[in-house]
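J.: Please see the structure below; I have some questions.
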Amino acid sequence: MNFFTHFGKYLLMLKGMFTKTENPRMFWKEYIKQCVDIGIGSLPIVVIISLFLGAVTTVQTAYQLTNPLVPISTIGQIVRDSMILELAPTVLSIVLAGVVGSKIASELGNMRISEQIDALEIMGINTKMYLILPKIVAAIFMVPLLISTSIAVSISGGYLAGVLSNVFSPEQFLIGLRQDFLPYNIFFAMIKSVTFAFIITTIPAYYGYHVKGGALEIGKASTTAVVVSCILILIADYSLSVLLL
């Protein structure tokens, strides 16, 4: 199928989530379940990656900062802005596309080939709203929280790496951390987080929901969903940077 066919089916899937409402209690139960799976389930990998991401950024920035006229406190400023504007939202979203996106695609794909989705539709349940919408809403709520956690952990990791490596003193890093801070950067990071969360859930949901065949096709759909999600995240990252910065 060509691009326009996929895009049209994707839009119809999104439209179908709102054509028929379901029991709010059922929706709330599934929403909480998805919040736990996406948020709590992804927290360990987010913390580990963020810690070392901040540490590596600090060490490499210190390595390249060879000009004695540039104050050491600049490292703290560079690490802060790098984490907030780019590394934490984009890198973590790509990781979540692999962790969360593949899970969503395989889960819906397995339900499709085992005819569980067909059985729900025969019972009169709007499967798009019951199975897909809670995942989208949960991701839009949880991914910005994960990104905020990632920013804090990565900056802390940069601080620990710099202090333990004797790159700078704690006071020098804190001076750079507070220097020329723009609150708008946090707003920009949250806009990116919400956009990426929508991509991370809707693209895998589309490929998983429309899978045909058997177990081999589920694996192909999961792989395709992750690849397409990563590409769209990078495209959205560039587009938002051009529009909002």
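The values are calculated or read from the model by the stated rules, or taken from the named source; none is laboratory data. Keep in mind the model is a prediction, meaning the values are calculated, not measured. Every residue, glycine as well, gets a Cβ built from its backbone with ideal geometry; the counts of neighbours run over all protein chains shown. Areas reflect the complete protein model, heavy atoms only, side chains present, ligands, DNA and RNA absent. Shrake-Rupley method; radii C 1.70, N 1.55, O 1.52, S 1.80 Å.
J.: Which whole number in µm²/s is D for segment 1-143 by Stokes-Einstein, with the Kirkwood Rh taken over Cα pairs at 4 °C and 1.567 mPa s?
T.: 71 µm²/s
J.: Next question, about the same structure. Taking the simple approach of a point 7 Å from Cα along Cα-to-Cβ for both Met26 and Leu240, what is their distance in nm?
T.: 3.3 nm
J.: Can you give the charge dipole size of segment 77-208 about its Cα centre, rounded to the nearest 20 debye, using +1 on the beta carbon of Lys and Arg and -1 on the beta carbon of Asp and Glu?
T.: With only Lys, Arg, Asp and Glu charged at Cβ, the dipole is about 60 debye.
J.: May I ask you to give the percent of accessible area on segment 133-245 that is carbon plus sulfur, with a probe radius of 1.4 Å?
T.: For segment 133-245, the apolar C and S fraction of the accessible surface comes to 74 percent.
J.: Same structure, new question: Can you tell me the Rg and the Dmax, both Å, for the Cα atoms in the chain?
T.: In order Rg, Dmax, the Cα atoms of the chain give 20.9, 72 Å.
J.: With the chain treated as a Gaussian network of Cα nodes joined by springs under 10 Å, which of Ser102, Ser93, Ser82 yields the largest mean-square fluctuation?
T.: Comparing Ser102, Ser93, Ser82 in the GNM, the peak value goes to Ser82.
J.: Which of Phe168, Ala138, Gln179 sits farthest toward the positive end of the charge dipole of the chain, with +1 on the Cβ of Lys and Arg and -1 on the Cβ of Asp and Glu?
T.: It is Ala138, whose Cα lies furthest towards the positive end.
J.: Continuing with this model, one more query. So if each residue of separation counts as 0.36 nm, and I subtract the Cα-Cα distance between Ile113 and Ile40, what length gain in nm does that give?
T.: Once the chain is fully extended between Ile113 and Ile40, it gains 23.4 nm.
J.: Under 26 Å Cα-Cα from Lys29, which lysines qualify once same-chain neighbours fewer than 8 residues away are excluded?
T.: Counting by Cα, and skipping residues close in sequence, Lys29 has these lysines nearby: Lys15, Lys20, Lys103, Lys128, Lys135.
J.: Which sequence of Phe168, Phe3 reflects their accessible areas, 1.4 Å probe, from the largest down?
T.: Phe3, Phe168
J.: In addition: Report the longest stretch of the chain that contains none of the trypsin sites (Lys or Arg not before Pro) sitting in a DSSP loop with at most 16 other Cβ atoms within 10 Å.
T.: Result for the longest clean stretch: 21-211.
J.: Pop out the ³J(HN,Hα) list for segment 125-131 in order, Karplus 6.51 cos²θ - 1.76 cosθ + 1.60 with θ = phi - 60°, rounded to Hz; leave Gly and Pro as x.
T.: Per residue, the Karplus-derived 3J(HN,Hα) values read 8, 6, 5, 5, 6, 6, 9 Hz.
J.: Follow-up question, since we're still on this one. Given bins 10 angstrom wide, list per bin the percent of all Cα-Cα distances in segment 1-59, short to long.
T.: Reading upward from the zero bin: 17, 22, 24, 25, 11, 0.
J.: Counting heavy atoms of the protein chains only and a 1.4 Å probe, report the per residue accessible area for the chain as a whole number of Å².
T.: On a per-residue basis, 51 Å².
J.: Pick from Ile125, Ile151, Ile203: which residue has the top mean-square fluctuation in a GNM of the chain where Cα pairs under 10 Å get a spring?
T.: Ile125
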